[in-house]
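Peer 1: Sending over a structure as structure tokens; questions will come in a sec.
The values are calculated or read from the model by the stated rules, or taken from the named source; none is laboratory data. Bear in mind the structure is a predicted one, so any value in this text is a computation, not a measurement. Quick reminder, even Gly has a Cβ in these numbers, built from the backbone with ideal geometry, and neighbours come from all protein chains shown.
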Amino acid sequence: MASEDLTLFSLENLEFFGRFYRLTRSELRSRIEDRLRFVDLWDERKKKAGAYSQGMKQRLGIAKALLHDPQILFLDEATSGIDVQGVNLIRGYVYELRAQGKTILVASHQLDEIELICNRIALLDNGRLLVVGRPSEIKDSLRGVLHKYRVHVSSPLGDVDGGRSNVWFLGDCNIVIADRDLTESLGRRFGDDAVEQVEPTLEEVFLWLLNDRREDKESRCNSQASRGGE
């Protein structure tokens, strides 16, 4: 998000930046009121930006970015460091802007939020593209490859036999993520009623893909080193 002059009132901030877009005074006044009302800051327009909460500053940044009525809007970590209510407000703005036909590009580490507000996502690792598509498509691409279970037993499971897997004990149940179908083996071990298969989150899918990429890279490096030593 673009920074604001914290010594200015929000109204003055938008007036200052609005001049860069060569709007007439009447156009600028109209748009400033419209944008501040859109982000629920019109009643706070005579407060200095430095007195705003982090969430209010983010909303002011959105108002400023919308002054020239762009068709493409970039939001960089727009919900970082703000409370649940602030996140919900910004999420609502994104939904409304999408409904107006605008394209919103969102950069964020909060994949649960990305999954809620974006209809198409790209997952990056150190600037390299891992995968791109709709959240459901990315998850579906690992269907049959990535399996997640909630095992309702009140003690740690320990290791799961064979293959690649991660296990977390949550106190009242265990979460298991594995590269194979463990429905039968977990059912035999703990009873079918104790084993619940659930959908992996987007974050879990990303971490799995990231691990695959790094393991593949290590394998190629080891193979090249082996050939070089022959």
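Peer 1: Here is a list of conditions, (1) of a type outside the set (S, T, N, Q); (2) within 24 Å of Glu115 (Cβ to Cβ); (3) touching a strand residue (DSSP E or B) at 6+ places or on another chain (Cβ under 9 Å); (4) modelled with pLDDT of 85 or more, and Glu203 meets all of them except one; can you say which number that is?
Peer 2: Result: Glu203 passes all but (3).
Peer 1: Scan the helices (runs of 4 or more DSSP H) fully inside region 1-115 and keep the ones with 2 or more residues being in contact with a helix residue (DSSP H, G or I) (Cβ under 6 Å, 6 or more places away or on another chain) and farther than 30 Å from Glu199 by Cβ.
Peer 2: Working: elements: 10-18, 25-38, 54-65, 84-99.
Ranges flagged: 10-18, 25-38, 54-65.
Peer 1: Something else now. Considering only region 72-82, I want to know if a residue exists there that is farther than 25 Å from Asp112 by Cβ and within 29 Å of the chain's Cα centre (by Cα). If you could, list the steps in order and put the result at the bottom.
Peer 2: Here is the first cut: in region 72-82, the ones farther than 25 Å from Asp112 by Cβ are none.
Among the residues of region 72-82, not one is farther than 25 Å from Asp112 by Cβ and within 29 Å of the chain's Cα centre (by Cα), which makes the answer no.
Peer 1: Restricting region 77-119 to residues that are charged (D, E, K, R) and under 25 Å from Lys139 (Cβ atoms), which is surrounded by the most Cβ atoms within 10 Å (Cβ to Cβ)?
Peer 2: Step one: list which residues in region 77-119 are charged (D, E, K, R), which gives 77, 83, 91, 96, 98, 102, 112-113, 115.
Next, from what is left, pick out any that are under 25 Å from Lys139 (Cβ atoms): 77, 91, 98, 112-113, 115.
Numbers: Glu77: 13, Arg91: 15, Arg98: 15, Asp112: 10, Glu113: 19, Glu115: 17.
The selected residue is Glu113.
Peer 1: I'd like the full set of residues that are among the small types (Gly, Ala, Ser) and at pLDDT 90 or above, limited to region 56-104. Outline the logic, then answer.
Peer 2: At the first step, the residues of region 56-104 found to be among the small types (Gly, Ala, Ser) are 61, 63, 65, 78, 80-81, 86, 92, 99, 101.
Answer for region 56-104, where residues must be among the small types (Gly, Ala, Ser) and at pLDDT 90 or above: Gly61, Ala63, Ala65, Gly92, Ala99, Gly101.
Peer 1: A further question follows. Determine whether region 187-194 contains at least one residue that is surrounded by fewer than 16 Cβ atoms within 10 Å (Cβ to Cβ), at pLDDT below 85 and either of a type in the set (D, E, K, R) or within 24 Å of Asp112 (Cα to Cα) (or both).
Peer 2: Checking region 187-194: not a single residue is surrounded by fewer than 16 Cβ atoms within 10 Å (Cβ to Cβ), at pLDDT below 85 and either of a type in the set (D, E, K, R) or within 24 Å of Asp112 (Cα to Cα) (or both).
Peer 1: Tell me yes or no: at least one residue of region 127-134 is surrounded by 15 or more Cβ atoms within 10 Å (Cβ to Cβ) and in contact with a Ser or Thr (Cβ under 6 Å, 6 or more places away or on another chain).
Peer 2: There is no residue in region 127-134 that is surrounded by 15 or more Cβ atoms within 10 Å (Cβ to Cβ) and in contact with a Ser or Thr (Cβ under 6 Å, 6 or more places away or on another chain).
Peer 1: Looking only at residues that are in a helix (DSSP H, G or I) and without any contact (Cβ under 8 Å) to a residue 24 or more places away in the chain in region 116-152, which one is nearest to Thr79 (Cα to Cα)? Give the derivation first.
Peer 2: Initial filter on region 116-152 (in a helix (DSSP H, G or I)): 116-117, 135-141.
If we keep only those that are without any contact (Cβ under 8 Å) to a residue 24 or more places away in the chain too, we end up with 136-137, 140-141.
Numbers: Ser136: 23, Glu137: 25, Asp140: 27, Ser141: 28 Å.
It comes out as Ser136.
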